[in-house]
Structure formats: C-alpha cells, structure tokens
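The values are calculated or read from the model by the stated rules, or taken from the named source; none is laboratory data. Keep in mind that what you see is a predicted model, and the values were worked out from it rather than measured. FYI the Cβ positions are ideal-geometry reconstructions off the backbone, even for glycines, and counts take in every protein chain you see. Accessible surface is based on the protein model in full, side chains and every heavy atom, while ligands, DNA and RNA are left aside. Shrake-Rupley method; radii C 1.70, N 1.55, O 1.52, S 1.80 Å.
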There are 2 protein chains.
Amino acid sequence: MPLGGLGEVGKNMMAVEYGRNILVIDAGLMFPESDMLGIDYIIPDWGYLRAKKDLLRAMIITHGHMDHIGALHHFLAEFKVPVYATRLTRGLIEVQLKQEHMLADVELHTFAPRDVLELGPFTIEPYHVCHSIPDTVGLGITTPAGLIVHSGDYKLDPTPTDGQPTDVDKLLEFRDRGVLVLLSDSTNADQPGVTPSEAVLNGVFQGIMEEASGRVIIATFASLISRIQQVVDAAAQQGRKIAIAGRAMVENARMARELGYLRIPEGMSVNLDEIKHLPPKQLVIMATGSQGEPMGILNRLATGRHPALEIRKGDTVVLSSHTIPGNEEVIHGVINRLFQRGAYVHYDPLAQVHVSGHASQEEQKLLLDMVRPRYFVPIHGELRHLTQHGRLARDAGMAEEAIAVVENGYELFFDQEGMQIGERIPGRYIFVEGALVGETGPAVLQERDALAQNGVVLVVVRYHRRTGDLIGAPRIISRGLALNAGDWMSNAERVVCRAATVEPGTAPEVVERRVEQAVSDHIYELTRSTSVVVSMVVE
Amino acid sequence: MPLGGLGEVGKNMMAVEYGRNILVIDAGLMFPESDMLGIDYIIPDWGYLRAKKDLLRAMIITHGHMDHIGALHHFLAEFKVPVYATRLTRGLIEVQLKQEHMLADVELHTFAPRDVLELGPFTIEPYHVCHSIPDTVGLGITTPAGLIVHSGDYKLDPTPTDGQPTDVDKLLEFRDRGVLVLLSDSTNADQPGVTPSEAVLNGVFQGIMEEASGRVIIATFASLISRIQQVVDAAAQQGRKIAIAGRAMVENARMARELGYLRIPEGMSVNLDEIKHLPPKQLVIMATGSQGEPMGILNRLATGRHPALEIRKGDTVVLSSHTIPGNEEVIHGVINRLFQRGAYVHYDPLAQVHVSGHASQEEQKLLLDMVRPRYFVPIHGELRHLTQHGRLARDAGMAEEAIAVVENGYELFFDQEGMQIGERIPGRYIFVEGALVGETGPAVLQERDALAQNGVVLVVVRYHRRTGDLIGAPRIISRGLALNAGDWMSNAERVVCRAATVEPGTAPEVVERRVEQAVSDHIYELTRSTSVVVSMVVE
C-alpha cells in the first residue's frame, strides 16, 4: 500500500494524498487555444476529488496570478475547504471572491513565509521565492512518507524588485533533512542560461522615460504587481506622475497598496480624468491588455475606442509582458495600429522591456543541487518543457528511474519501495463559456469549426407527402457563406426543387436528407469548400 | 508631372511606372490570420493595374519562395505578361504553373545575375543576394527618373551554403552611379545585430546526427532549397542516406537537382518505401509541415496519421524553420505529441536549428551605407518593421524627408523636385477560399465569427396569419450551441410559442423577428453568450 500519492490534476492544480487526507495546491485557469471557438477559459477537471470530498483538508495557494487562483471560485463553489495564502495572495483572492459574491462563504487563512502549518498528517513550511508578483512561496510538505518540496513559480533573482531573494537557506535546510521528491517549475525549461533579474528593467524604464518627449504608456498583466512597482520607481526618478487604466489592475494595485506591497509616493498617483491637465512629459500610464485582448485598454487605444484616452503623436508605448502563445498575431496588429496613430512602441525583441518570472535551465540545475531530492518530478509546463526539465536532471546526474516526466492526471505513489507511476486518471478540459461551466464538449467545438469554415445554409420547404409535391418555392437563408446570395440563390432553388421531387408518400426525413446532400454537393462544386446545410421539410 | 512612380501593391508585389510603361516585381501570397475563418490564403489587390493592362511590360520575380511567387498563377490568369526569373526561380514557377495547367500559356524568360534586361524605358540589372533559397536576386532598375535599387529578400552572409555571397561589388557600382531610391527588405528590422550565417547550421546538424542513435527527421519549408543542401551535406559526412517526405518538397528538390542547384551524391537518395530496410542510424528524412499544418507530414507523424512513416522511440526530430506568427500553438502541440511518441525534438530556443534568411539591423545599416541612396523606402514587412527600418535610416544620418515609411497601396512619385508620397490607392485583402477568389468579404467573416462563438439555432414555425395562431409545435435545430439539446429544447419551444402568439393578421416577417429576439434573449440569459438565431415562419 502506498504511503503517499500526488498528482497534477490540471493546469497548476495538484493534490497530495495520505491516508484519508488530501491537500490541494493552487487552482489555476488556462487560456483557450485559438481553435477552441467561443471558449472563455479552461479550468482543471477535479472529478477525482469529487468522490473524496470528505478527505480534503485545505487548499494552499502559492501566489496570486490567474493561472494559480483563476479557478478558485469554481472550486470553492463545489468544495467547502479552508484556503491558505500569504497576505497579498489572500488580498487578490478576496478581490475575486467579492466579484463572485462568495467572500462571506469562504474560510480564508493567512500565513507568512517561514510559518509552519500543521494540517492533518501534513506539516507545511512555506518559504519565499522570487517571482513577478510579491509574496510568492514554494512549499516544504512533510508527510509520513517523506519531505516533498514544491518549488512554486520561482526564479533565483539576486536583485528582485522587493529586495527579497529566494529563501535559499530554507532550501538547504530541506536538503539537510533529506528530500523525498522535488516538484519543480518547468515553464522555462527550454530557455538556456539564467533568467535576467528584474533589476535590468529599472534602467530600461528610466531610459525610455527620459528619452520620451511625451506620455509613456506601459502595458502589462494586471497582476504583475512587481512590474507596477518598477514603473512607479522609475517614474518617481523621472518626475512623472502615474495613472492606471484597466479595472483589474486598478483593483489589484489598490489591494497591493493597502497591504503595503505596492509603494506609490504621496501625490504621485493621478486618475484618468486628471491626466489632461498634466504636461505629457510628466505622465506615465500603466495599462492592461498587453495580450491584445479586444476589450483590453491597449487594443482600445490602438483602435481609438477608449472613452477617456487616445493615442497622440509623441506618445511612447511599452509592451512589458511576454506573449502568451497564440496571441502573437493580435499583438502584432495592435503594435502596427499604435505606430499608425503616431506612437513609438517598444516591444520585445526591439528592447528588453520584459523579463520572465520563471527560472531558466541554469537556475533549474542550481535548485536541483540545492535540494538534492531522491526523486524529481517536473511540473508546470507542456510536455516539451517537462521532458526538457527531466533531461536536465538526468544530465545533472540523477538516475532515469528517479525522474517522473508525466502529463497532468497521472498519480505518483511513494512507499518504502520507492516511487511508482500510476495510471492516468481520466480527465478532460473543463471549458468555461459565459455562464456555462463544463457544458461545451468536443462535439460542439467541431460543429462550430464546421460553421466557421464556410458558414451555414438553411433550407425550408413545404411538402405534400401524399403527392410527393413541393408547395410554393423553397426558402433559403445563409450565414457566413462565401457565395454571393443574389447570384447563387436562384440556382440553389432549382437544386432544392430537383432534390425534393420524390415518389408520393416519401417520408419528410428522407426529403430533408436529399435536400441537404444536394445543396451541400452544389456548394462544394462551386466553392471546393464545405458548408453546414440544414433542411426542414414542413408537411 | 512626376517622372516616375512606384508603390507596393500588396504582400510582396510592387509596380514601377514610367510614362506608359509598368514593371511589376513579384506576386506573393500571404497566410490568413487565425480570425480569418475559412480562408486559405490572401493575394494582393491588383485592381489599380486592371485599368492599365496595356501598359504592363513585364513581371520580374526576385526568388522562388511562395510569398513572392504564390499569387503568380492568379495574376497571370488575368494579365498576359512575360515573366522574367533566374533559372531555379523559373523552375519553381514551372512546377506551380504545371499544377494549374497554365504552363503552355505563359511566356517565361530566364536571366542570370549580372545580366542586363532592357524593357521599354527600364534597364534592369539583377544582382545576386544571399537568402535561404539559391538564385535570389536584388534589382537595379535604371529609369529616366534615376536608379532604383530593390534589395530583394537578402542577408549579407559571408559564408552561405552555395558559397556565393551577396554581390557587394554591384551595390558599390550602383552607389558610384548615384542611387535615387533604395527599396529595402524590412522583415527583420526589429532584430538587433547581424543574422547568423547559414554556416552555423552545418556544425549543428552534424552534431545532432552524430549524437542521434536512431533516425533524424528534419522539417522545414518545402522551398528552403539551401536548408535541404545543408542537411544533405551533413548527412553525407555522417554516412546517412536521405529521403524526402512531402509532395511539394519532393517536386522542388527534383527541380533544383535537375537544374544543378541541389547536389545529392549518387546513391545517397532513397525513397520512403526503401527506408524500412535501412538501419535507423543510417537515415535522415527531410519533411514538410514545419508550421504544423494539419495535412503536413510533421503533424501526421505527430498524430500517427502517415501511411508509410511513424515516429518510434529513438527518433530525433528537428524543426528547422521559423514559426510564422499565429502558428505557435499548433507547432507547440505538434512538438508535445512528438515527445509523447518517444521522439526527442530539437527546436528553437532549445538549439539553434534555424537561421533567418533576412538581414538584421546591422546589415540593414551596412546596405544603406553601401548604396547611399537619395531616398529610402522600407519594404516587405508590417508597419512596425517599416517604422523601425525608417528609424534606422534616420539614425544612420538620413533626413526625415528622404524616408518614406508607407503601408501597402501608397504611390510614391519622383521628379526633379524630389519624392512625393501620393494617396493610398483603395485596396483590400483578396481572400482565396477553395475555388473562390475575392468572393469572401469582411461581412461574411463577421458572420462566421458570430457562428463560431456559440453556434446557430434554426426555428421553423407554421403560422396561420388570419387567426394569428401557430399550427403544431415549432421545430428547433441547433449546431454548435453549448446548451444540451435535450434539456433545453422543451423550454425553447415554450419561448417560441409565447413569442409567436400575436394579433390576428400580423405579418410573418414580424413574427420571425419576434421569435428570433425571444430565442436569442433566452439563450443569452442561460449562457451569457450570443448565438445566431434564424427563424422562418411558414404560412
């Protein structure tokens, strides 16, 4: 019988299980790929936990980014379980739960790095790590089977914005105690070298602000609190005031400021209504929408759709965020339009205006050496990243059998014998779309894809079963069809009439299939492309 | 009156006009963005030339990549104009025209670099440039208004695969004669430094082949003839035979080999049927599909859908091509699946397995200095690249007025007074979709986008106008709707019946709009997402 088990449930959600006790770590959301038409975001499939509701002891959150807390309100709607987080992370969770009107129903606990939490058979020791948001932690989890170290999202930045490097002492202490397994962030496992320090941006931002003769608009993720701090610091040096555009960033900044994680000098903060009274050279605007989201600030500025702000000649725009794969085209389009409106745009690779919050290969090797675990499990990343991270560990001297490169959903068991990789627990993407959670399945996405290719044609005919005759002309409506309706319609009517001319007594369903086939063939012949055709025969 | 005019018509197509003479340079295609649902590719809008058909003297092609020749058969179907190209480029054009059954109808001429072509008032001096395909040229075009230098797609690679560096002597000769305007490739204008030489890949490929214990599969664009040569050379060194998978690459390679631009030693080339008899360590396979195209070889290998080839443990796959923006997600998915099947995958940034064929900033500055034109026009690239390239020229000392950063469609005029930027000639994307060219417009794409969001619902009711009553139950069909049909349908029926209960004598169109609105509202209420609803009322 295994002493302990763990597994990554889905995008940044993990369960640690011992006896009748389960600890859950993080509840992140994932952005849909561009072929997942109509989907807003994706949350983990926690079906496995549903049957074990009574065993859940706690949800531990490592930090306040959306890919770690974005699914939390969905999770808490189903599981009544206390949530543990650091102060800032808790603040950001509160913002989310308030929006969902759930704040009163959730039991929230605050911990600090170096605290010790005793939860059932687990002793949890959070420790500080550097990341692009303050108050991020990794976790030491002592279980009866041994000590698990969970890296969190980390980098080994000796000069972070908040002056607090990753807690190496704690990692070395774990090593001295003996680490059963290290679970480590693989996001940048295909990036050679060391991730540049946050500090490199200080000079860059100051240089840009100094050079710019007008306003400077800096776009980043709403939750990159550290980046906001860096911009504030540079703006203070350059005698510029700062405004924030974008609801989510305004709220995150307010919360971070209240809790002391964002320091904006008195009188430096202005709101969007005040900026028109300021000389452009005295202004920095932080904005959301760095992924080119249609309703984000940056896209609205690029297309002239913001009520209070517009791009003018002389503005300087900085895209200080990495591009989530799939968003490249949209972001390039936004950059082009900003140039078109007369702004100058700084973006990667033109200038180093963003640094990653995740460790690169050399740091990942350092962490392995600092912790020297018996087993190694790469987490957080696509299979290519996990594979690469596993290879790094092998190159660093670990045995193949001590490394588990597994995709989400696999169970890992640890006992006196060692580590065993279990079966993959069946799971799927849970799509969130508007108010619907998990309703949209692959069949619906396939139908949407078909509709998107060459539209849909609807044909209604009235039919007299006894004689097999049509009554009146067919009605044909199309949406998204490339063929010009005017030219095409009369031909299509003839095709429908021919297909609907049948033996007396033919069932209407048969006529419908005949019409659909005939119209479909006709469109293919004209376009070499397939449309969805739906026919209804009214008797 | 202007002495001469020129303008970029669309993606890599340009017209040079003097008096009653027009020269057209290149006819490229563009890949659709991911929100252009159903579109296969995009060609330039040459409406401007339509009214001036008689003035066209020649089409000059700079090289054989699809973004320079891909629209040629569409163009030649409309304009009977002789085509001039180097030998290899001509060979690749012939492959394309043969496929379209147009080869016999087109007048093709071959030129070599350093030839001089006299075409009406134009004297054309093609000169060799380095690019990722052999036989690429830039153009010197002497007109009565002055000398135009068109850079072609170029880099300044001192150690190219074919041993032929860019013809700097010719560029210096142009400078000595005095250059009116330089039109220069801006593709990499946001890349600092110098583009690495093709030569850096030789060692990389050899290293990968030496290290790999099994087969090596290298994917790239079908037209990257230079890359194929490099792989052949490395394979020869490593005692591996070479097979090519993918129709387009097979045909391009055959043509390049026939013409002497691709050298494969006797007995080294094998076909896909023979490879199973060879030890894996003695084999390299070149494959298409490096952009993750669903029907490309690489995607079919990743998903196990190739009839003759399958990925096995021990295979090494190399993605030797840049990622066209918008394809990142798909390519990442392919890489993950290749890992899943047991291959090891080399890809950027993990290893330098691709170098660009375009000049970076330092080379662009060198070219400017080599040519020292009176005017400078950045071409080939999005507005962000053109802007950047213009800025480089300014930083290099050119006056703002001597630089024309203009998007496609603008006319430029040159006379004794200097350069004037004209109006933008109205133009649009010409979408190619199956057999349809230019039929699909923005309205159709918007309809497809709406369909893709939450599907379509079709409602048919029979209605008695005189009484205002429905006859029988409404029929409701949906496609791509997230709501589960079973649960939802009976509710929807009630909504339809209520909306269709009207005053006697109400027109059916009014009933249709009422039903559509009611169903649409009902769906929004349930899903917070909008579907396309079409209703037909049959009297």
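Determine the distance separating the Cα centre of region B:192-225 from the Cα centre of region B:234-278; give it in Å without decimals. Using only Cα atoms to place each centre, the spacing works out to 16 Å. Taking the charge dipole of the protein assembly as shown about its Cα centre, with +1 at Lys and Arg Cβ atoms and -1 at Asp and Glu Cβ atoms, the residue from B:536, B:230, A:189 reaching farthest to the positive side is B:536. Calculated FRET efficiency, residue A:446 to residue B:324, Cβ-Cβ distance, R0 = 22 Å: about 0.30 to the nearest 0.05. In sequence order, region B:440-455 has phi-based couplings of 6, x, x, 5, 5, 5, 5, 4, 4, 4, 5, 4, 6, 5, 8, x Hz under the Karplus curve 6.51 cos²θ - 1.76 cosθ + 1.60, θ = phi - 60°, and Gly or Pro positions carry x. Packing, taken as the mean count of other beta carbons within 10 Å per residue, orders the peptides A:169-177, B:178-186 from highest to lowest as B:178-186, A:169-177.
Bridging of residue B:281 to lysines at a Cα separation below 25 Å is possible for B:241, B:313, once same-chain residues fewer than 8 apart are set aside. Most simply put, chain A has about 55% antiparallel DSSP beta bridges, counting only bridges with both residues inside it. In this structure residue A:16 has an accessible area near 0 Å², from a 1.4 Å probe over the protein heavy atoms. Within the accessible surface of region A:431-539, defined with a 1.4 Å probe on protein heavy atoms only, the carbon and sulfur portion equals 48 percent. Summarising the amide proton neighbourhood of residue B:283: residues at separation of 5 or more, or on other chains, whose placed amide H is nearer than 5 Å comprise B:216, B:241. Sorted shortest first, the distances from the residue B:158 label point to those of the same residue in the other copies are 3.6 nm; each point sits 7 Å from Cα along Cα-to-Cβ. Here the 3J(HN,Hα) profile of region B:119-132, calculated from phi with Karplus coefficients 6.51, -1.76 and 1.60 at θ = phi - 60°, is 10, x, x, 9, 10, 10, 10, x, 9, 5, 10, 7, 7, 7 Hz, Gly and Pro shown as x. With a 10 Å cut-off around each Cβ of B:33-40, the average count of Cβ atoms from other chains is 6. For region B:223-268, applying the loop criterion from DSSP together with a ceiling of 14 other beta carbons within 10 Å to the GluC sites (Glu not before Pro) yields B:266. Each copy carries residue B:177; placing its label point 7 Å along the C-beta direction from Cα gives inter-copy distances of 7.9 nm, listed from smallest up.
Enter the mean number of other protein chain beta carbons within 10 Å of the beta carbon of each residue in B:481-493, as an integer.
Mean partner-chain Cβ count within 10 Å for B:481-493: 2.
Measuring heavy-atom accessible area with a 1.4 angstrom probe and counting protein chains only, the residues of region B:514-539 that give up at least 50 Å² relative to the chain alone are B:534, B:536, B:538. The lysines whose alpha-carbon is closer than 22 Å to the alpha-carbon of residue B:53, local same-chain residues fewer than 8 away aside, are B:11, B:80. Note on residue B:365: lysines with a C-alpha under 18 Å away, same-chain residues under 8 apart excluded, are B:155, B:170.
In this label model, residue B:506 and residue B:52 are separated by 5.9 nm, measuring between points 7 Å along each Cα→Cβ vector.
The figure for residue B:150 is an accessible area of roughly 0 square angstrom, using a 1.4 Å probe on the protein chains alone.
So what's the gap between the Cα centers of region B:298-363 and region A:471-539, to the nearest angstrom? Going from one Cα centre to the other spans 43 Å. Across the identical copies, the 7 Å label point of residue B:487, projected outward along Cα→Cβ, sits 4.6 nm from its counterparts, in ascending order. Heavy-atom surface analysis with a 1.4 Å probe gives region A:273-362 a carbon and sulfur content of 50 percent of its accessible area. Neighbours of residue B:23, meaning other residues whose beta-carbon lies under 9 angstrom from its beta-carbon, give a summed charge of 0 when Lys and Arg score +1 and Asp and Glu score -1. Solvent-accessible surface of region B:175-283, taken per residue with a 1.4 Å probe and all protein chains present: 41 Å². Comparing Cα centroids, region B:100-147 and region B:407-470 end up 36 angstrom apart. Taking every residue in B:97-107 and counting other chain Cβ atoms within 10 Å of its Cβ, the average works out to 0.
For region A:137-149, the Karplus equation 6.51 cos²θ - 1.76 cosθ + 1.60, evaluated at θ = phi - 60°, returns couplings of 10, x, 10, x, 10, 7, 10, x, 8, x, 9, 9, 10 Hz by residue, with Gly and Pro reported as x.
Working note: 222 nm ellipticity from helices only, DSSP H runs with n ≥ 4, each -39,500 (n - 2.57), summed and divided by the residues of chain A, gives -9500 deg cm²/dmol to the nearest 500.
Interface B/A, total buried accessible area with a 1.4 Å probe, nearest 100 Å²?
The contact between A and B buries close to 6100 Å².
Summed over the residues of region A:39-168 and divided among them, the accessible surface reaches 34 Å² per residue at a probe radius of 1.4 Å.
Looking at region B:274-354, the GluC sites (Glu not before Pro) that sit in a DSSP loop and have at most 15 other Cβ atoms within 10 Å of their own Cβ are B:274, B:310.
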